[in-house]
Structures are given as C-alpha cells and as structure tokens.
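Shown next, in structure tokens, is the structure this report addresses.
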Amino acid sequence: MSAIVAREIRALTIAVFSALAAGPGGVAGPWLVGTLIDSGSRAGGFAGYPFGAALMVAATAVHRRWGLAAERRSLAVVARPLAAVDRTRWSDRMTRAGTMMPAAEAIDLDTMALLLDIDGTLLDFAPTPREVWVPPTLRRTLGALLARTDGALALVSGRALADLDLLFAPLELPAIGGHGAELRVAAGERSDPARTPALDPMVKRKLASVAELGPGVLIEDKGYSLALHWRLAPDKGDAVIAMVRSICDSFPDLPLEALPGKAVIEVKSATFDKATAVAELMQRPPFAGRRPVFLGDDVTDERVFPILPPLGGFGFAVGRDIPGTAGSFADPTAVRAWLDGLLERET
Ligand SMILES: [Mg+2]
C-alpha cells in the first residue's frame, strides 16, 4: 500500500516538474520567433538560428551528463524510491546499545564456523513452538553457507534434532539439539544416544505427578529431559514452577536443572548444556581449527558466549544486549539479512 502511494507521489512530482521545465520553453520559443519576425531586421532573424543551435548543443550536453535511458523501464528502476531499503545495511536495524556492529568484514567463512540458535535468533517467536515459520529463503541461505564453510555451520537449539529436521526439511544441517543432549556433526549422521544418559526414571515419575495440578498441564518426555507445558492452563504456571523446583531439590544427589521457557519448564541433567556441546562440536572436523561465531538470545545461550574467545571466536546477542558478546542484532529479521549479506558480498 505505502509503496503504491510513494509511486503515485513520484509520478506526480515528475509531471509537475516536467510542466514547469517545458512551460517557459514552450512559451518563450514562439514569443522570441514572433518578436524577431516583427522586428523586420535580417540580422536579428539570422541571430535567432545560431542562438537556437547553441541551445540545442547545450541541451545535448545536459542530456549526455545527466540523461537516463528511461524507455520501457519502470519508474522504480529509473528513479530509486526514497523509501527503498538497502538490504545489506542491516546495521540500521541493530540495537543502539550494541557495543559493536556485527560487521560482515569480521566474518571469514574460510576460517570460521557459524553456530546459530533457532528460536528468537533465526526465527521469530510464535505463540507456540509448533507455529514458527521458516522462510524458504532462510533454508537456501543456510544451505549455501553450509557449503561455503565446508560444513562448518550448525544449529544450536533446545529443540530435539528430530524437531529441527522437520522445521528445516528437506535441509539437514549439523546441529546441537535438546540443550546439548544431542550432537550431529555432519548432515546424515545420527546423534550418539550414549553420549547423554536419559533422565532418571524416578525423577520423571515425580515430575509427571505435576500434571495432577489440573487439566491443561502437559508432559513431554524427551528422554534426556522432561518438559511440563502450561500454555493451556496459564493460571497454573506459578504452581508448576514451584512444584518442579521442589521436586528437583528433593534429589540433592542428582545434578538437575530446571530451564524455564515460555509457558514451559524443562528439567534435565546439569552435566550437559549448550556450552558443553559447542565445546565438543568445536573439537570435531570440520569445526575443529575454525573460530566459532555464535548467535543466540536465550538464557541458556549465555553459557556459550564465555567459551568462544579461548577458541578465537566471538558471539552476538539477538533482541537484547548480553555481556561478553561482540554486539547485538535487533531481531531475527536483522540476523537473516546479515546472513544473506555474508553471501551477497561474495557475488
Ligand atoms: Mg533462542
């Protein structure tokens, strides 16, 4: 809608200025010819011809300097709309408080590895995790960056790997899933189930009893963790959190941690997290020897940022400023434009 209005206004502006420019010429020309004829002077009449010729030479010079070939071309091509946004100028979308703009020049795809959180980083939040939308252009960009980095691009998420693959299908990417419980170093490989033990069955049974709080409190067993959702029973949120925390405290010998999310709390072993999985991933080819660049927005991502500098890498926050990062992006849209820019600068 706004683009149409802008186009209308530009067309009107061009029409007005054309009329203003053509008007005086259209009036002055015939008037001058008439005056010269009326004067009856041969010299005056003759002088009119070189004067006209000089005007045409001057007009030719102006055309050569500023003229545009506008035939059969759309207005938007001939005159760039004022509202046009240069997609590579993603810095305009950065949060103002960002300590450093994530300049594409700082990213060397030959020597770096790209590690990307998904929800809130690559994808905009949706009312529920199932409702997120993956733009087709993002699949293309990630696939191209995977090839460009010789396989050194990985998703880092709290979601299970199977869930990631459904989201990005048919694209399959190296990935860390389940907050570090699952690790896939290369597409086509399977995460080794033995690297992360399942959550203790006793803990699971006790946590499952939280669902007794009422209808709408749902249990999701991910094997290595157990999540309790209360999106359908928002009034139960506080009670669920309190009960889950007290159950965790009732197992003092087990290293448990509860990760609160949007209308969900997930209990897992504290022995693994995104940071331990990223450290493991960075020891495996093709990631080994590369400098990790990590983008994330979650509380769980905050543990990853400190392990990056010792590996020669750095991180960027999304949606907020996080201490220890090299800068921040305003939102996932800015992240996606930035990723596109990493490829565009090479074409
Ligand atoms: Mg996130």
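The values are calculated or read from the model by the stated rules, or taken from the named source; none is laboratory data. Every value quoted in this text rests on a predicted model; they were computed, and no experiment measured them. All Cβ positions, even for glycine, are placed from backbone atoms using ideal geometry, and neighbour counts span all protein chains on display.
Of the conditions (1) touching a strand residue (DSSP E or B) at 6+ places or on another chain (Cβ under 8 Å); (2) in the same structural domain as P127 (by TED's automatic domain parsing), Q283 satisfies every one except a single condition; which number is it?
Result: Q283 fails condition (1) only.
Among the residues of segment 242-250, is there at least one that is in a loop (DSSP other than H, G, I, E, B) and closer than 18 Å to A198 by Cα?
no
Against the conditions (1) surrounded by 20 or more Cβ atoms within 10 Å (Cβ to Cβ); (2) at pLDDT below 95; (3) within 23 Å of the chain's Cα centre (by Cα), where does V304 fall short? Just the number, please.
(2)
Condition check ((1) within 21 Å of D163 (Cα to Cα); (2) of a type in the set (K, R); (3) surrounded by fewer than 16 Cβ atoms within 10 Å (Cβ to Cβ)) across all residues:
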| position | (1), (2), (3) |
| --- | --- |
| L183 | yes, no, no |
| H229 | yes, no, no |
| D238 | no, no, yes |
| I241 | no, no, no |
| V244 | no, no, no |
| C248 | no, no, no |
| I265 | yes, no, no |
| L281 | yes, no, no |
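In segment 201-222, which residues are assigned to a loop (DSSP other than H, G, I, E, B) and either in contact with a Gly (Cβ under 8 Å, 6 or more places away or on another chain) or surrounded by fewer than 16 Cβ atoms within 10 Å (Cβ to Cβ) (or both)?
G214, P215, G216, K222 - these are the residues of segment 201-222 that are assigned to a loop (DSSP other than H, G, I, E, B) and either in contact with a Gly (Cβ under 8 Å, 6 or more places away or on another chain) or surrounded by fewer than 16 Cβ atoms within 10 Å (Cβ to Cβ) (or both).
Residue-wise test of (1) part of a loop (DSSP other than H, G, I, E, B); (2) at pLDDT below 90; (3) within 16 Å of the ligand (Cβ to nearest atom); (4) touching an Asp or Glu at 6+ places or on another chain (Cβ under 8 Å).
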| residue | (1), (2), (3), (4) |
| --- | --- |
| M100 | yes, yes, no, no |
| D108 | yes, no, no, no |
| A113 | no, no, no, no |
| L116 | no, no, yes, no |
| P127 | yes, yes, yes, no |
| R130 | no, yes, yes, no |
| W133 | yes, yes, yes, yes |
| R139 | no, no, no, no |
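So is A154 within 16 Å of the ligand (Cβ to nearest atom) and either aromatic (F, W, Y) or assigned to a loop (DSSP other than H, G, I, E, B) (or both) or not?
Taking the combined requirement at face value, the residue does not satisfy it.
Which one of these is in the same structural domain as L145 (by TED's automatic domain parsing) and at pLDDT 95 or above: G319, G296?
G296
Regarding T271, is this residue polar (S, T, N, Q) and in contact (Cβ under 8 Å) with a residue 40 or more places away in the chain?
no
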